[in-house]
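Remarks on the structure that follows.
The values are calculated or read from the model by the stated rules, or taken from the named source; none is laboratory data. From a predicted model like this one, the values you see are computed outputs, not experimental measurements. Cβ sites come from the backbone with ideal geometry, for glycine too, and all protein chains shown count toward neighbours.
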Amino acid sequence: MPEKVRPARPGTEFMDDGRRLQVLTTYARRGSRLNPTQQAAWDRNAGRWLVPEAAVDEKTFDVDRFFGRQAPLVVEIGSGNGEAVAALAAARPEANVLAFEVWRPGVASTFLHLEETGVANVRLVSVDAVWSMENLFDAGQLAELWTFFPDPWHKKRHHKRRLVTPAFATLAASRLAPGAAWRLATDWPDYAEQIESVLDAEPQLEGGRTPRWDQRPVTKFERRGVAEGRPIQDFCYRRV
C-alpha cells in the first residue's frame, strides 16, 4: 500500500515559473523585526520552546516529544503576544499546550511571558494552523481548543479569510475529544454572529454564547477593543 504523502504547507509550493504559489490563508504575515529585548528572549528560548518548521514536514509528527512527556493536548490558534496562553497554561500544569502563532515578534513576546510566569508546558509553532489541524492531529486528540480574538477580516471582501467557517468547524470539531471544549472570543459583533451561526450548525458541537470566561486574562488587545467601544463576546462549544 503506497505511503500517504503529507500535502505541502501553504506558502511552501512554487509554480513552474518559480513564483511562489499564492494560497488564501486566515492570517497575514506581519513585520518580523524584533526589538533587542525580544531578540534576547528569542535567542534564549527558541531552541527549546519553538517547534522547528521542518518537524511538521516529517512523515510522522509526534507532538509529545517536544514536551518530553505524554499529557492531554491543548491547542491555541493565534496566541498573539502570549498573555493569555502563559496565564492559562500556568493553571493547567497537567496539560501540554501548543500555541500557533506566525507573527515572529509575538512568539518572542510569548517567550518573555513564559519566563515571567515560570511556565514550562507551552510550545509554539509558526505554521498554518488550519493545515496543521488537518494534517498533524488525529481525530479526538485535543483536550481543549482556544481561539481568542481571531483576525476579524472586517472588510466584507475579506470575510472569506476568516478562520471560523463551516469547513473549519467540522475539521476542528473532529479533532476534539468527546466532551472537550472549544472556547472562542471576539470583539467584532458581525464575527460573533458568524461564529454563532456556524458552530450552532455543526452537528458535532453543542454550546453557544457565554458570559466572559473568568479564567481568560484581560489582555492588552482586549482592553484596546473595549476602549474603542467594541463589545467582547465569549463562546464555549463542546464536542458531543
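Here are the numbers for this structure:
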{"read-out": "Test: Val119 is in contact (Cβ under 8 Å) with a residue 12 or more places away in the chain and either touching a His at 6+ places or on another chain (Cβ under 6 Å) or part of a loop (DSSP other than H, G, I, E, B) (or both)", "value": "yes"}
{"read-out": "Residue count for segment 100-116, restricted to those that are out of contact with any helix residue (DSSP H, G or I) (no Cβ under 8 Å at 6 or more places or on another chain) and in a loop (DSSP other than H, G, I, E, B)", "value": "2"}
{"read-out": "Complete set of residues in segment 63-84 that are farther than 17 Å from Asp151 by Cα and either in a helix (DSSP H, G or I) or polar (S, T, N, Q) (or both)", "value": "Asp64, Arg65, Phe66, Phe67, Gln70"}
{"read-out": "Scan of segment 39-54 for residues that are free of Cβ contacts under 8 Å to residues at least 24 places away in the same chain and touching a strand residue (DSSP E or B) at 6+ places or on another chain (Cβ under 8 Å), ordered by number", "value": "none"}
{"read-out": "Within segment 91-125, tally of residues that are surrounded by fewer than 18 Cβ atoms within 10 Å (Cβ to Cβ) and of a type in the set (Gly, Ala, Ser)", "value": "3"}
{"read-out": "Out of Pro105, Pro93, sole residue that is under 16 Å from the mean Cα position of the chain (by Cα) and modelled with pLDDT of 95 or more", "value": "Pro105"}
{"read-out": "Test: residue in segment 58-67 that is touching an Asp or Glu at 6+ places or on another chain (Cβ under 9 Å), in contact (Cβ under 8 Å) with a residue 12 or more places away in the chain and either of a type outside the set (Val, Ile, Thr) or within 21 Å of Arg162 (Cβ to Cβ) (or both)", "value": "yes"}
